[in-house]
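Data block below; observations after.
Each value in this text was obtained by applying a stated rule to the coordinates, not by laboratory testing. Remember, it's a predicted structure, so these values are computed and weren't measured experimentally. Cβ sites come from the backbone with ideal geometry, for glycine too, and all protein chains shown count toward neighbours.
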Amino acid sequence: MFWPILRTVLFLLPAEFTHEISKFGMRLMALFMKQPKEIRNNPIGLAAGFDKNCEILDLLPKFGFGHAEIGTVTPKPQGGNPKPRLFRNPRDKTIFNRMGFNNLGAGIISERLKKIKPALPPGFKVGVNLGKNKITPDEQAAGDYARVARAFLDTADYFVINVSSPNTPGLRALQTIEALSLIVKAVQQELLSPANLKNRAIPIYVKLAPELTGDSLIPLLKELTALGVSGFVLTNTQAGHYIYRGESLPGGWSGKNLSTTSFNRLTEAKKALKGDFSVRMISVGGIMTTEEAIKRLKSGANEIQLYTGWIYQGPLFAHKIYHELHS
Ligand SMILES: Cc1cc2nc3c(=O)[nH]c(=O)nc-3n(C[C@H](O)[C@H](O)[C@H](O)COP(=O)(O)O)c2cc1C
């Protein structure tokens, strides 16, 4: 009962402001929560975009998460799109965003992660979601992804090549075999370089848009797997528009409306890669209930991620899923 009331109050405030004060609220709440000594059998993660700048990562194990994806991180800091750029639609349990990769850049965020990582419980995995700066032309995108990866060679547990945000012009055009092969190879090159001091084999995932299906999805999955990609994050937000003061703003929808599409992309991908159990699937998009979370895991997701569902269900949602899974 407590969360729906607090949520109603919080939803009276501008969405991005609420996001900021929620982080403060989480820090207060965390004072009364126990940090797990170790993370075991916890496939529940926090999706990219919530903790873009690695501000609350240290709290996430307490909130029931087994992994978190920070970012999207771009090589240089950038401010993102002008505000307002985040909207809620509580009636449909959806969120609309057109943030545009606002983040502090690879230098600052990687230094933060270096400091935080040793204090995280063993087994808690940190993914770094890699992106390109808005001003970088698409032809030079691979260099941006490689640059961000280089900054996190000591700290990332996995990388995610994000070519599926609808809020960076031209980004989704990189969802082709030609463009993605260049990016994957550039990131793989970083792993093989002397800069990878510990010589760690960091898994590389690719995050795709929910609109990719059939002939635009399956060959991509197969060819990228053949290139050595470890898995896929399915899916990003669904491209659409939001009418704000008579103006139609382009951006991406997340939450309940994405649930069926995201589930379908998972089962489509599993079917296409049938028999290849080494390819890992992280399912994200519209996981709004414990039942949906369990359904994704039973349908072949190795891990799931929450974003909009966490906001609507409240801070204990990941715990709830975890307990349901282990009961
Ligand atoms: C405000 C907001 C910001 C986001 N930022 C990013 C981002 O920077 N990088 C990314 O890969 N996905 C980003 N996402 C997409 C989420 O990671 C996730 O793929 C999507 O929201 C679907 O999951 P959901 O329905 O549980 O929210 C963002 C989503 C929201 C709502």
Would you please name the GluC sites (Glu not before Pro) within the stretch 1-40 that are DSSP coil residues with at most 13 other C-beta atoms within 10 Å of their C-beta?
Glu38
Which of Lys52/Lys115; Lys125/Lys298; Lys83/Lys185; Lys34/Lys125; Lys83/Lys115; Lys34/Lys93 exceed 27 Å between C-alpha atoms? The answer is Lys83/Lys185; Lys83/Lys115; Lys34/Lys93
Hydrodynamic radius (Kirkwood) for the chain, which is based on Cα pairs only, to one decimal in Å
19.8
From the helices alone, meaning DSSP H stretches of at least four residues, give me the mean residue ellipticity at 222 nm for the chain, per-run term -39500 (n - 2.57), in deg cm²/dmol to the nearest 500.
-10500 deg cm²/dmol
Most exposed to least, judged by fewest other Cβ atoms within 10 Å, Ser181, Ser254 sort to Ser181, Ser254
Considering only DSSP beta bridges where both residues belong to the chain, give the percentage that are antiparallel (nearest 5).
35
Sparsely packed trypsin sites (Lys or Arg not before Pro) within the stretch 234-327, loop by DSSP, other Cβ within 10 Å at most 15
Arg245, Lys274
Could you list the square roots of 5 times each eigenvalue of the Cα gyration tensor of the stretch 144-200, that is, the equivalent ellipsoid semi-axes, sorted largest first and rounded to whole Å?
23, 12, 8
Most exposed first by the Cβ proxy, i.e. fewest other Cβ within 10 Å, how do Ser327, Ser299, Ser278 rank?
Ser327, Ser278, Ser299
Quick one: compute the contact order of the chain, relative version, from alpha carbon pairs under 8 angstrom and 6+ residues apart, as a percent.
17
In the stretch 215-322, chymotrypsin sites (Phe, Trp or Tyr not before Pro) in a DSSP loop with at most 15 other beta-carbon atoms within 10 Å:
Phe277
Between the stretch 148-171 and the stretch 16-93, how many Å separate their Cα centres?
17
